[in-house]
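> Okay, handing you the structure first.
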Amino acid sequence: MNYINEVEKMNKNSLIKYLIVILLSIFALPAFSQETNVLNKTFLIFLEKEFLSNQIITKKNSNDNNITILDLNKSEYLVSFNLMNKSINQDWFLIPTLKIVNKLNNKTFAFSRSLAFEKKSNVLEIETIAKMLVSSSLEQMKTNGIQFAISDKQFIDKKEKKILISLNYFNSCESDKIIEVMEKEFPGFIHMESEGHNSQSKAQLAYYTKSTIYKLKKWLALTINEYGFSPDDFFIKVYKSKIDINKLSKLKYFYVCE
């Protein structure tokens, strides 16, 4: 009899916990939706600012999640911004994406995604990601023959350059993760080669890019932060055409390399 009572008690507790989870989900959904809307609007402000800084004409659309940009021939392109969850099982890390489509024929000319960021990131991180998305998208559109009125300074900024990058005291897994992101996600990437002596705790690269060295420094910091490192766990030194990324904590590892 006592066993039956215990089972009934456990079932009752499980039911109560289930109801609490359902209620929390119902009340949390509007808050989550509102927070996402605020993030979308913040990103769109910085995206439009970045297009304007590239001397590109913009038009505001009735849909708050879109803006329109015009090329030198006054052709219109719809710029769609979206935030995707990095994982199905969580919603605090988001991946910003930018898609640019010709309004006349619905042809896609650019699709860019940035590094994942935490929902509670500060405005400076959001602005940096917006710069990356716009820079990558404009590179794709230029490759596709689309021309914009871009200043001389920005043309100079996009000249190919060789930057020596040294990853110090990271293990091979961590170095591979950083290099993979640099190759696949950093705007302006051309190619890279092994440089100098490499060991288990040191990787040296000749990185060819159209981006500036200070942009690379920002993107590298965002990449390392994404893998769970705080500013106290690493240090990035920039001098002339070289970047040294030093791991400071011997007991800390990228969460994907543990």
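The values are calculated or read from the model by the stated rules, or taken from the named source; none is laboratory data. Keep in mind it's a predicted model, so treat the numbers as computed, not measured. Cβ sites come from the backbone with ideal geometry, for glycine too, and all protein chains shown count toward neighbours.
> Residues to consider are Glu125, Glu76; find the one that is of a type in the set (Asp, Glu), over 18 Å from Val181 (Cα atoms) and touching a strand residue (DSSP E or B) at 6+ places or on another chain (Cβ under 7 Å). Full working, then the answer.
On the way: Glu125 fails: over 18 Å from Val181 (Cα atoms).
Criteria check complete, one pass: Glu76.
> Might you check whether a residue that is outside the structural domain of Glu125 (by TED's automatic domain parsing), surrounded by 12 or more Cβ atoms within 10 Å (Cβ to Cβ) and within 13 Å of Ile163 (Cβ to Cβ) occurs anywhere in the range 218-229? Show your work before the answer.
Narrowing the range 218-229 to residues outside the structural domain of Glu125 (by TED's automatic domain parsing): 218-229.
Now restrict to residues that are surrounded by 12 or more Cβ atoms within 10 Å (Cβ to Cβ): 218-229.
Then keep just the ones that are within 13 Å of Ile163 (Cβ to Cβ); that gives 219-220.
The answer is yes, given that some residue of the range 218-229 is outside the structural domain of Glu125 (by TED's automatic domain parsing), surrounded by 12 or more Cβ atoms within 10 Å (Cβ to Cβ) and within 13 Å of Ile163 (Cβ to Cβ).
> Where residues in the range 110-124 are touching a helix residue (DSSP H, G or I) at 6+ places or on another chain (Cβ under 8 Å) and either surrounded by fewer than 16 Cβ atoms within 10 Å (Cβ to Cβ) or outside the structural domain of Ile100 (by TED's automatic domain parsing) (or both), which of them is nearest to Asn82 (Cα to Cα)?
Ranking the qualifying residues of the range 110-124, first place goes to Phe111.
> What's the number of the condition Met182 fails, among (1) in contact with an Asp or Glu (Cβ under 7 Å, 6 or more places away or on another chain); (2) surrounded by 19 or more Cβ atoms within 10 Å (Cβ to Cβ)?
The failed condition is (1).
> Looking only at strands (runs of 3 or more DSSP E) that fall completely inside the range 186-258, which ones have 1 or more residues that are among the aromatic types (Phe, Trp, Tyr)? Spell out the reasoning first.
On the way: elements: 189-194, 202-209, 234-239, 242-247.
In the range 186-258, the matching strands (runs of 3 or more DSSP E) lie at 189-194, 202-209, 234-239.
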